[in-house]
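Participant: Input: one structure, supplied below.
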Amino acid sequence: MSVKTTEQEIPVTLYVNARPPIFGDEVKMGYRISIDTDNITKYIDDAIHLSKHEITITVPGGVDVLTGMVDGLKEKQKSIRAKAELECNQIETQIQSMLCIEHQPGEGNQ
């Protein structure tokens, strides 16, 4: 089954705000720019509203959404398996280390 997008235009309002710097060039400038779909000055005390822009985004038609979502889930599944395998290997290494210690001859066990 295939689920494809339909070409459409979506109006979007973008708010440009200035906020205190976090790192890098922002610190040199004394501020950082944030572009949001809401006026964040309502929620963030140290943000200053600079401008508002109305734009239109064109969504392309014919893109197979279902295949893209399934591919994304398969990549996530692959990543989870790899992380789990790594953790299992680390645990096995710890187990083997403990078993080696247990079977080493100690003082008076010779």
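Just so you know, all these numbers are worked out from the coordinates, no wet-lab data involved. It should be emphasised that the depicted structure is a prediction, and the values quoted were computed from it without experimental measurement.
Participant: For the stretch 8-59, rounded, prolate or oblate, judged on the Cα gyration tensor with a ≥ b ≥ c (square roots of eigenvalues), a/c < 1.5 rounded, else prolate if a/b > b/c? It would help to have the intermediate numbers written out before the result.
Facilitator: Numbers: a/c = 3.33, a/b = 1.97, b/c = 1.69.
In terms of gyration-tensor shape, prolate.
Participant: Moving on. Considering every Cα-Cα pair within the stretch 64-103, what fraction, in whole percent, is farther apart than 17 Å? All intermediate terms of the calculation are to be shown ahead of the outcome.
Facilitator: On the way: 407 of 780 pairs.
Summing the P(r) tail past 17 Å for the stretch 64-103 gives 52 percent.
Participant: Then there is this: Under 22 Å Cα to Cα from Lys74, which lysines show up? Leave out anything in the same chain fewer than 8 places away.
Facilitator: In chain and number order, the partners are Lys4, Lys83.
Participant: In percent, how large is the relative contact order of the chain, given Cα pairs closer than 8 Å and 6 or more residues apart?
Facilitator: Details: 127 pairs, mean separation 34.8, N = 110.
It rounds to 32 percent for the chain.
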